């Protein structure tokens, strides 16, 4: 069994990834818990909790656990924030210790693995067909969205750590499914208006003509599972270890029209543009992307491929049940 530590194990993506790994029967899964309550949640899901209230600034507990349990792969699905730079430095320190111990023993041993959850917003917004082999950054076809421009440097730092770590960067598209956390500030007013019976107009701060790339959270989880299982193989050759995870591209206007219809909203729902809201600007990114490399090189086979709009009755009902 591969020993995998999840940073963000109780989060939106993390808990689905934990479930997927546990269900496979091929992985022993550890998760960071910042409290006793979170530790109990992980234990119930058959994930081994590592209690560490502040893994960023006081990482000793989880770093010691990596050493003691000889964790083989660290996966950061903690929210794609800039704290990953510290997690990366922790992983490099531990992996270097291991490599030094192998040299002292006269043996050749594996590197510690490190997989980071970035996102397709680093591609910016463009109608040009793009893949995970295309350059990202200020000289790319489109610059990264301002909200996530810092990720480009972090991705490069991870990739340049391949002398010490086995690395991979996965970039899920705009995620949907179940509680739809990232969509909440945009669709909750629509849900509330439909429940009140209001027929007043709802203005949503998103771009009406945007066509985001999308993916269901279950397919994100299986994408990471495949990356974990193929990490050493990917790093042993000349494969560029960056993979976009996308299953559809759909109209933002169609998405909101389908939501309004599912909830029986009688008023007018208008997408009025993102203005100076950087989060709304990122949500409105248009991307014609491809996951062909993830399918070919990792053996990833997404299953939730009907798209967001086509089964909006399910997704709208799931979201409504949470609010």
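The values are calculated or read from the model by the stated rules, or taken from the named source; none is laboratory data. Just so it is clear, the structure is predicted and the values come from calculations on it, not from any experiment. Cβ atoms come from the backbone with ideal geometry, glycine included; neighbour counts cover every protein chain shown.
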(request) Please give the number of the condition residue 257 fails out of (1) part of a helix (DSSP H, G or I); (2) in contact (Cβ under 8 Å) with a residue 40 or more places away in the chain. (result) (2)
(message) The conditions are (1) within 23 Å of residue 227 (Cα to Cα); (2) over 24 Å from the mean Cα position of the chain (by Cα), and residue 106 fails exactly one of them. Which is it?
(response) (1)
(request) Hand me the list of strands (runs of 3 or more DSSP E) wholly inside region 66-169 holding 1 or more residues that are touching a residue at least 40 places away in the same chain (Cβ under 8 Å) and more than 21 Å from residue 220 (Cβ to Cβ). (result) 112-117, 126-129
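Starting from residues that are in a helix (DSSP H, G or I) and surrounded by fewer than 23 Cβ atoms within 10 Å (Cβ to Cβ), keep the ones in region 229-251 and report whichever is farthest from the chain's Cα centre (by Cα).
First pass over region 229-251, keeping only residues in a helix (DSSP H, G or I): 229, 231-236.
When the remaining residues are screened for being surrounded by fewer than 23 Cβ atoms within 10 Å (Cβ to Cβ), the result is 229, 232-236.
Details: 229: 17, 232: 21, 233: 22, 234: 19, 235: 21, 236: 24 Å.
Result: 236.
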(request) Being in a loop (DSSP other than H, G, I, E, B), touching a helix residue (DSSP H, G or I) at 6+ places or on another chain (Cβ under 9 Å) and closer than 17 Å to residue 68 by Cα is the filter here, so list the residues in region 1-54 that pass it. (result) 47, 52
(request) Test residue 283 against the stated conditions and say whether it is modelled with pLDDT of 95 or more, within 25 Å of residue 125 (Cα to Cα) and over 18 Å from the mean Cα position of the chain (by Cα). (result) no
(message) Taking the condition of being under 19 Å from residue 284 (Cα atoms) and either in a strand (DSSP E or B) or free of Cβ contacts under 8 Å to residues at least 24 places away in the same chain (or both), how many residues in region 186-223 meet it?
(response) 8
